[in-house]
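The values are calculated or read from the model by the stated rules, or taken from the named source; none is laboratory data. No experiment lies behind these values; they were computed from the predicted model shown. Reconstructed Cβ throughout: ideal geometry from the backbone, glycine too, with neighbour counts over all protein chains shown. Remember, those area values only see protein heavy atoms, side chains included, never the ligands or the DNA or RNA. Shrake-Rupley method; radii C 1.70, N 1.55, O 1.52, S 1.80 Å.
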Amino acid sequence: MKRILVTGGAGFLGSHLCERLLKDNNEVLRLDNFYTGRKENIKHLMSSHNFELIRHDACFPLYVEVDQIYNLACPASPVHYQHDPVQTTKTSVHGAINMLGLAKRLKARILQASTSEVYGDPEIHPQPESYWGKVNPIGLRSCYDEGKRCAETLFFDYRRQYGLQIKVLRIFNTYGPRMHTNDGRVVSNFIVQAIRGQDLTIYGDGQQTRSFCYVDDLISAMIRMMESDPEVTGPINVGNPQETTMLTLANQIIKLTGSKSKVIFKPLPSDDPKQRQPDINMARAELGWEPTIPLETGLLKTIAYFNQT
Ligand code: NAD
Ligand code: UDP
Ligand code: UDP
């Protein structure tokens, strides 16, 4: 049995990760300051005597004893991370420093939930890990993009300087049950709007693309990465290469929900990437992983969740 710390454990991905780690018979310490996380996401786990909750801000030092650390603490949706951009960068950077300091003291393995946003608005398509990205350093998305890029730098410098066992995953858009109803991400927005019979809000002309991965596939990749050989550090892309435009996604969700909603067009936010698709050859080769859940199947599971809430 391992003792595992999950920062951001009350969030969307963190709650699914804690659930899987507990199922695999680990002791799980879940750290969260509830900035975007919710108790409902993990209330079904609270009765387990292997599950512990720490209300704590990752920007401050933390002294606990664990074998592994999954560092997920950071708001992930543009609406939330732009609400308090200074705090977003602090969480990415100070949070990474504290968790790396903890990992260094404990000689523990540490995994960073990095992001496809490190590629910015990419000029290379699909994006391989070797691409350095095209990121605006002073725009509205920079607090998140540059914060996550700086966290990657810290991870690799802690490895080079102190020999830490690091694992860096670049996560592409992921969706599924327990996304927030109002966090502004496209899949949750469209599903909630379709269920309520409201117009689906497409930003721009809807021709921009994303590639969506169902949460269960993503969690499998995270655990495989943590358990991989010590020389596997990443960064490794994880996501589903099935690419779609936002217009196609909106129409697909209207069809799957049987909704009478229409689509409407709103202004495109600044620095919104035009296209995004992971090159997952490295994940296939080094983790033996690839997604198994097609978009339609995952959307139906997510629609079922939002229908109940
Ligand atoms: P989320 O907003 O649902 O979860 C983030 C969690 O971190 C929340 O529970 C929040 O309360 C907590 N948190 C935020 N700041 C904190 C702080 N200073 N101290 C302690 N806890 C704090 O987001 P998510 O979708 O679950 O994303 C989790 C991680 O995965 C994030 O680091 C995000 O950048 C990364 N990621 C997610 C996606 C995606 O599509 N969901 C894609 C790429 C990367
Ligand atoms: N840290 C922590 N828990 C630990 C060890 C360190 O939160 O168990 C924090 C500590 O606040 C420190 C940071 O991690 O500022 C970086 O630690 P490191 O050992 O790299 O640096 P130093 O202590 O020399 O500043
Ligand atoms: N988007 C949209 N309507 C919405 C929410 C988002 O058209 O109601 C668009 C957004 O402009 C972006 C894409 O959908 O082009 C994905 O947005 P999301 O915030 O989910 O993720 P990210 O931009 O961080 O990949």
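Points worth noting:
- The one condition in (1) assigned to a loop (DSSP other than H, G, I, E, B); (2) touching a strand residue (DSSP E or B) at 6+ places or on another chain (Cβ under 6 Å) that Pro137 fails to fulfil: (2)
- Scanning region 90-100 for residues that are without any contact (Cβ under 8 Å) to a residue 60 or more places away in the chain and more than 10 Å from ligand 2 (Cβ to nearest atom) returns Lys90, Thr91, Ser92.
- Enumeration of residues in region 248-288 that are surrounded by fewer than 15 Cβ atoms within 10 Å (Cβ to Cβ), among the polar types (S, T, N, Q) and either within 19 Å of the chain's Cα centre (by Cα) or not in a helix (DSSP H, G or I) (or both): Ser270
- Tabulated pairs, region 58-69, first under 21 Å from Val93 (Cβ atoms), second among the aliphatic types (A, V, I, L, M) and in a loop (DSSP other than H, G, I, E, B), C-beta under 8 angstrom, 6+ apart or interchain: Ala58/Ala73; Ile69/Ala108
- Subset of region 66-88 [within 11 Å of ligand 1 (Cβ to nearest atom) and polar (S, T, N, Q)]: Asn71, Ser77, Gln87, Thr88
- Filter result for His49 (away from ligand 1 (no atom under 13 Å from the Cβ), part of a loop (DSSP other than H, G, I, E, B) and of a type outside the set (Lys, Arg)): yes
- Considering Tyr144, Tyr131, Tyr158, the condition of being more than 16 Å from ligand 2 (Cβ to nearest atom), among the aromatic types (Phe, Trp, Tyr) and either in contact with a strand residue (DSSP E or B) (Cβ under 8 Å, 6 or more places away or on another chain) or part of a strand (DSSP E or B) (or both) is satisfied by Tyr144 alone.
- Candidate set from region 96-127 (those that are within 12 Å of ligand 3 (Cβ to nearest atom) and of a type in the set (Ser, Thr, Tyr)); member that is surrounded by the most Cβ atoms within 10 Å (Cβ to Cβ): Tyr119
- Taken together, Glu65, Glu19, Glu40 contain a single residue that is open to solvent by 10 Å² or more (accessible area, probe 1.4 Å), over 30 Å from Ser270 (Cα atoms) and either in a loop (DSSP other than H, G, I, E, B) or in contact with a Lys or Arg (Cβ under 7 Å, 6 or more places away or on another chain) (or both), which is Glu65.
- Options Gly176, Gly147, Gly163; residue that is on the phi > 0 side of the Ramachandran plot and touching a residue at least 24 places away in the same chain (Cβ under 8 Å): Gly176
- Long-range neighbours under 7 Å by Cβ, at least six apart or interchain, first residue without any contact (Cβ under 8 Å) to a residue 40 or more places away in the chain within region 110-128, second among the hydroxyl-bearing types (Ser, Thr, Tyr) and more than 8 Å from ligand 1 (Cβ to nearest atom): Ile124/Tyr131
- Here Pro75 fulfils each of the conditions (1) open to solvent by 60 Å² or more (accessible area, probe 1.4 Å); (2) in a loop (DSSP other than H, G, I, E, B); (3) away from ligand 2 (no atom under 16 Å from the Cβ) apart from (1).
- Top-ranked residue of region 160-213 - restricted to ones that are surrounded by fewer than 17 Cβ atoms within 10 Å (Cβ to Cβ) and over 24 Å from Arg276 (Cα atoms), ranked as farthest from ligand 1 (Cβ to nearest atom): Gly197
- Close Cβ contacts (under 8 Å, 6 or more residues apart or on different chains) running from residues in region 288-309 that are of a type in the set (D, E, K, R) to residues that are part of a helix (DSSP H, G or I) comprise Glu290/Ala283; Glu290/Arg284; Glu296/Gln252; Glu296/Leu256.
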